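First up is the structure itself, then whatever we jot down about it.
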Amino acid sequence: MYDVIVIGSGLGGLTAANVLAKAGRKVLLTEQHFKLGGLATWFNRQGHVFDVSLHGFPVGMIKSCRRYWSKEIASKIVQLPHIRFDNPQFAIETTFDRDDFTRIIVEEFRVDKDTVEEFFDFTRSMTHLDHGDMTVRQLFEKFFPGRKDVVRLLMEPITYANGSTLDEPALTYGIVFSNFMSKGVYTFEGGTDLLIELMEKELLANGVEIRTRCEVEKILVEEGKVCGVQANGEELPCQAILSNANLLGTIFNLVGEEAFSEEFLKEAKKVRINTSSCQVYIGLKEGESFDVERCGDLLFCSKAEEFDTDKLLAREITSRTFSFYYPKTRPQLDNDRYCIVASTNARYDDWANLSDADYKAAKEAMIEDTLDHLDKYVPDVREKTDWCEAATPCTFERYTKHWSGSSFGTKFEGLNVSRDLPNQIAGLYHAGSVGIIMSGWLGAVNYGVIAANDVDAGLC
């Protein structure tokens, strides 16, 4: 009998398991894949180590890792100093913090400084209790009417980071943007492989039982309360369950409609799945490199004339984030390998309905188009490259079982449904990417903490 079974080992599930174990709970962590991490993962190809989602997070990750993980993990979080934008409206480099963005908007975009400061203060002050009816579009129109260039600067990187649009609630933008504006963009020195290795070490030290290749097929409910799970055909009893799986998958697949009230199901069926991603992984031959002055650490690159969510999602790609990985990213490896990951937002339906032949051809075309665009920043990149492959929303669906391969969970309305689960079924909790404000690495960790505290209180 376990106190808690955690389903899924994304950063939310990992953190929840660790918090609960440190609170003295008997915890089983299950993961259907053969390694931990969910989308926070990596893979090896021909001497290269590619990160799937290690692109940058706010400075708050240091505090959260120090408090809920270890000083060793927190100490390896370092700043990415060179963030670049290159598009038809402007080409700039920034440290991506409030002071530098203020300087850019005032000096380069000629906006009154008081307006810029007021915008930052306003977004920083946003909470769940106010501004609920304002959209992101209305937020920008309030402070920067008609300024599509300012909107692009302020909005485009957040859209890449969590899939948000101009028509989402302004709160979802304000919280994420303010987190980044605190002190810029950070990453984990050592790569995702080292991070997950250290997290697994910490989990085991705290007494968490870990089972990989362990797929939970069913959450078992008796008389309105969880009693265990069925995993790999085996029934495992517990007092509470924390699902780090997709919210809708948890409700409709793992539990089933019969266990919920009609009113809850009505709200759950309104929850929209957020968008997914495509990525192209590019490894340079040993001895080949690229220039930090030309490339930076993160490059938001677009040929679109202005910010456009539909164009960001289209299969005909106009905008990408290039993440440049230098040997210093993984100092523990004894090699001189440089890697690049190109990321785009994407719609699942644009890929899932293709024939096998068309799917393969579309991936190859995406790789070639990416290399064409990359050549501007890494000249002769094809000759320098010894590995290329691509991932699509179907890839993410396959490895994570997220509905529609979603990289960012659900839209904003998912947050209330996620939080309401234990009111429907005693002992059932959820920690995942919901409501956009909880997406990204920092959001996943912090939501894992919130959910773990709820579980712990419910067990008392």
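Taken together, the values in this text are just the output of simple stated rules run on the coordinates, not laboratory data. The model shown is predicted, which means the values in this text are computed figures rather than measured ones. A quick note on method: Cβ atoms are made from the backbone with ideal geometry, for glycine too, and the neighbour counts reach across all protein chains shown.
Worth pointing out:
- Counting only residues at least eight positions apart within a chain, or on another chain, the lysines with an alpha carbon under 17 Å from that of residue 22 are 71, 201.
- Overall shape of the chain was characterised from the C-alpha gyration tensor. The equivalent ellipsoid obtained from it has semi-axes of 35, 26, 22 Å, in decreasing order.
- At least 24 Å along the helix axis (C-alpha) and Kyte average at least 0.5, DSSP helices within the chain: 440-459
- Cα centroid separation, segment 288-332 to segment 7-52: 26 Å.
- Listed residues 381, 435, 314: farthest to the positive end of the dipole of the chain (Cβ charges): 435
- Kirkwood analysis of segment 263-309, using all unique Cα-Cα pairs, places the hydrodynamic radius at 15.9 Å.
- Amide H partners (placed H, <5 Å) of residue 42, local residues excluded: 52
- Its Cα centre serving as origin, segment 275-399 has a Cβ charge dipole (Lys and Arg +1, Asp and Glu -1) of approximately 300 debye.
- Cross-link partners for residue 363 among the lysines, with Cα-Cα distance under 26 Å and sequence neighbours closer than 8 places in the same chain left out: 35, 285, 303, 311, 376, 384, 401.
- Taking label positions 7 Å along the Cα-Cβ direction at both residue 356 and residue 453, the computed distance is 5.1 nm, reported to one decimal.
- In segment 58-168, the alpha-carbon atoms span a convex hull of 132 Å³ per residue.
- Candidate aspartates and glutamates for bridging to residue 269, where Cα separation is under 13 Å - those fewer than 8 sequence places away on the same chain excluded: 257, 413
- Percent of alpha-carbon pairs separated by more than 22 Å within segment 289-392: 37
- Fraction in percent of alpha-carbon pairs per bin - 10 Å, segment 228-352: 10, 25, 21, 22, 17, 5, 0
- Rg to Rh, two decimals, where segment 309-460 supplies the alpha carbon set and Rh follows Kirkwood: 1.07
- Computed FRET value (nearest 0.05) for residue 201 with residue 326, which takes r as the C-beta separation and R₀ as 25 Å: 0.45
- Relative to one another, the C-alpha centroids of segment 132-210 and segment 364-406 are positioned 22 Å apart.
- Extending 7 Å from Cα along the Cβ direction at residue 215 and again at residue 383 yields two label points whose distance is 4.7 nm.
- Residues whose amide H falls under 5 Å from that of residue 218, counting only those 5 or more places apart or on a different chain, are 230, with hydrogens built in the peptide plane.
- Calculated from backbone phi, Karplus (6.51, -1.76, 1.60) coupling profile of segment 26-32 in Hz, x at Gly/Pro: 7, 10, 10, 10, 10, 9, 6
- Under 5 Å, built H, 5+ apart or other chain: amide partners of residue 210: 29
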